[in-house]
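Please read the structure below before turning to the comments.
The values are calculated or read from the model by the stated rules, or taken from the named source; none is laboratory data. Because the structure is a prediction, the values reported are computed rather than measured. Using ideal geometry, Cβ is built from the backbone for each residue, glycine included, and neighbour counts are taken over all protein chains shown.
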Amino acid sequence: MVYLKLFWSFFQVGLFSFGGGYAALPLIEEQVIHQNNWLSSTEFIDIITISQMTPGPVAINTSTFVGTKVAGIPGSVIATLGCIAPSCIIVVILAKVYYKYKGIPLMDGILQGLRPAVVALIASAGLTIFLTAMFGAESFPISLGDLNWISVALFLVGLALLRKTKLGPIHVMMLSGFVGILIYYVIL
Amino acid sequence: MEKDIKFYWTLFLSTLTLSAFTFGGGYVIVPLMQKRFVKELQWIDEEEMLDLVAIGQSSPGPIAVNASIIVGYRMAGILGSLIAVIGTILPPLVIITIISFFYQAFRDNPVVSALLLGMQAGIAAVIVSVVIDMAAKIIKAKQVLPILMMVLAFIAAILLNINIIIILLICGAVGAYTSLRGPHNQKGDS
């Protein structure tokens, strides 16, 4: 039964992918290439590339892609549901605990410890995104020669718009994408 | 807050829109959530949002999905979390299903590449802006311990490549220890 297999495979991916983002990739690879032969390695690399080009988590994108390929649109829905089912259950339990014990000194202490860590994690994700956008490299070492001046200009304008006007993140993303088409496709 | 059809529709549309714009990794959901749920709708405050991100990061699964589930749960229980999760998975589900029929053409399309290259810079601005706000808030509180933890956690994540879960465990433990030692003894704590 292919639907059941899709659901169970992506359920395992969803259940064991702690840490987010690309931490899930080895798990997905194991399920879709080695255990089930649903994708070739080339297709797997393709879907990761597509994931970077589209919104949404790589785990969800891969579930949808594999599901469609193996069993059409019902397959994509079932694989995606399998992938998020563990999250739904575990997150709701944690949320219950959080709202029940919030206000208790021990819980507040833990949360006060977690907040600066979360800011640091967002900052580190931000640095990766920043380096990719400016230099085309995800981490150090970077070479100043790779600096994309158009990206720098877009970044500075975007930052100024966010901080000095009422424009929100979505406006700035759409605007920079539009200017991207204008500069890289139409002009260059 | 009264939970009528309009409320659920707002929750659904908000999570749908946020998910449709979460390009470039799960943490991009944070500035989008801050704008929509903290500033515009005022459903949660900023501290609570950081807590939700911490919970989302501590559970398995994509952080953007997890964070939406918690916002939904916070606003309207299990039903809210279901509506939020449907809103969140619909954009990638629909987009990838459509693209999967012509993904090679999509991948090699020069207009798409130009759009994404431009958008990357915008996404960088969005996430850097939210980091400036959040880090400034922690620094302005002028407590040594949180500032120190923020800096060390950043170094651990970016330079030492230490697993995110381990960083969260250590910081949570430090926070628990501090609260046990005396909840009012925080100013100048080191």
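Brief remarks follow.
- Subset of the range A:129-147 that is surrounded by 11 or more Cβ atoms within 10 Å (Cβ to Cβ) and small (Gly, Ala, Ser) - its residue that is farthest from the other protein chains (Cβ to nearest Cβ): A:Ala137
- Hey, B:Ala121 facing another protein chain (nearest Cβ under 7 Å) and either within 22 Å of B:Val65 (Cα to Cα) or without any contact (Cβ under 8 Å) to a residue 24 or more places away in the chain (or both) or not: yes
- Meets criteria (within 17 Å of B:Pro31 (Cβ to Cβ) and buried (at least 16 other Cβ atoms within 10 Å of the Cβ)) for B:Ser129: yes
- Elements of type helices (runs of 4 or more DSSP H) contained in the range B:1-84, each with 2 or more residues being of a type in the set (Ser, Thr, Tyr) and in contact with a Ser or Thr (Cβ under 9 Å, 6 or more places away or on another chain): B:5-20
- Residue list for the range B:1-54, filter: under 27 Å from A:Gly113 (Cα atoms), of a type outside the set (A, V, I, L, M, F, W, C) and in contact with a Phe, Trp or Tyr (Cβ under 8 Å, 6 or more places away or on another chain): B:Asp51
- Any hit, the range B:32-42, residues being over 22 Å from B:Ile123 (Cβ atoms) and more than 7 Å from chain A (Cβ to nearest Cβ): yes
- Long-range neighbours under 6 Å by Cβ, at least six apart or interchain, first residue more than 8 Å from every other protein chain (Cβ to nearest Cβ) within the range A:80-98, second in a helix (DSSP H, G or I): A:Gly82/A:Phe7; A:Gly82/A:Phe10; A:Gly82/A:Phe11; A:Ala85/A:Phe11
- Checked against (1) outside the structural domain of A:Ser9 (by TED's automatic domain parsing); (2) more than 24 Å from B:Ile166 (Cα to Cα); (3) assigned to a helix (DSSP H, G or I), A:Thr80 meets all criteria but (1).
- Here B:Ile55, B:Ile5, B:Ile96 are screened, and the one residue that is modelled with pLDDT under 95 and surrounded by fewer than 18 Cβ atoms within 10 Å (Cβ to Cβ) is B:Ile5.
- Among the residues of the range B:112-138, those identified as of a type in the set (Val, Ile, Thr) and more than 14 Å from A:Thr54 (Cα to Cα) are B:Val126, B:Ile127, B:Val128, B:Val130, B:Val131, B:Ile132, B:Ile138.
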